[in-house]
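Note sheet for the following structure.
The values are calculated or read from the model by the stated rules, or taken from the named source; none is laboratory data. Just so it is clear, the model here is predicted, and its values are computed rather than measured. Please note: Cβ atoms are built from the backbone with ideal geometry, for glycine as well, and neighbour counts cover all protein chains shown. Heads up: the accessible areas ignore ligands, DNA and RNA and are worked out on the full protein's heavy atoms, side chains in. Shrake-Rupley method; radii C 1.70, N 1.55, O 1.52, S 1.80 Å.
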Amino acid sequence: MDSAQLRNYINLGKAPISIFAGRAYENIDRILRFAKGNTVFLDFEDEWEDEGGLRVTFTYDSFEDMVSAAEKYIGSDISDWKIVWENPSKNAAPISEWQKLKEDVYSHRIVFPENYSSFFIGSLYWNGLYLNEISPESSDEELKEWIIRSMNKYE
């Protein structure tokens, strides 16, 4: 693949273009999904990709900045990238691996692509971890109270 092909795939497609970005934890893969508007979704997911995995959305000032950051993050040139049509992980990740990811998000040890102009964590839970408003060890009662407080901020 080259930059022109990636740009065409993004502009012509209805869904983001997915590139495998490596295994982050046991059976939790990092997938970069390229979308219109110089936007990249970084997804951490296992075979149950719609079951609450982490998604971080990055926006870049230019297409070139986006590709350069992705190449560095993946550790390979765009010419080596292959589109993935399904998650490479064929197994659910153990709960302990999701716990490690939660701890890394909370401690800001998770590695993000660089040189973005903005980023956003859309999930209330994952964003709360990242902002240290809750911890990976928060009880169900603590989470419930935090959710209520968080929702009241927007009323």
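Tabulated data for the structure shown
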quantity: Spatially close lysines, pair count over the chain: Cα under 20 Å, gap of eight or more or interchain; calculated: 8
quantity: Accessible-area order (highest first, 1.4 angstrom probe) of the listed residues 151, 66, 1; calculated: 151, 1, 66
quantity: Entry for semi-axes √(5λ) of the Cα gyration tensor in Å (calculated from the structure that is shown) out of (i) 33, 16, 14; (ii) 29, 18, 13; (iii) 42, 36, 15; calculated: (ii)
quantity: Most to least accessible of 98, 146 (protein chains only, probe 1.4 Å); calculated: 98, 146
quantity: Loop-located GluC sites (Glu not before Pro) in segment 1-98 whose Cβ has at most 12 other Cβ within 10 Å (DSSP); calculated: 51, 86
quantity: Residue-level accessible surface for residue 30, protein heavy atoms, 1.4 Å, Å²; calculated: 40 Å²
quantity: Karplus-derived 3J(HN,Hα), 6.51/-1.76/1.60, for each residue of segment 18-25, Hz, glycine and proline x; calculated: 9, 10, 5, 10, x, 8, 8, 9
quantity: Set of segment 95-120 residues, backbone N closer than 15 Å to the point 7 Å along the Cα-Cβ line of residue 132; calculated: 103-110
quantity: Net charge, residue 13 excluded, C-beta distance under 14 Å - Lys, Arg +1, Asp, Glu -1; calculated: +4
quantity: Sulfur and carbon atoms: percent of accessible area, the chain [1.4 Å]; calculated: 50 percent
quantity: Helical mean residue ellipticity (222 nm; -39500 (n - 2.57) per DSSP H run of 4+; nearest 500) of the chain; calculated: -10500 deg cm²/dmol
quantity: For segment 62-116: rounded, prolate or oblate by the Cα gyration tensor [a/c cutoff 1.5]; calculated: oblate
quantity: Heavy-atom SASA rank of 20, 44 (probe 1.4 Å, accessible area, largest first); calculated: 20, 44
quantity: Per-residue ³J(HN,Hα) for segment 30-41, Karplus 6.51 cos²θ - 1.76 cosθ + 1.60, θ = phi - 60°, Hz, x for Gly and Pro; calculated: 9, 10, 9, 10, 9, 10, 4, x, 6, 10, 10, 9
quantity: Cα gyration tensor category, rounded, prolate or oblate, for segment 112-155 with a/c compared to 1.5; calculated: oblate
quantity: Accessible solvent surface per residue of the chain, calculated while the other protein chains remain in place, 1.4 angstrom probe, Å²; calculated: 57 Å²
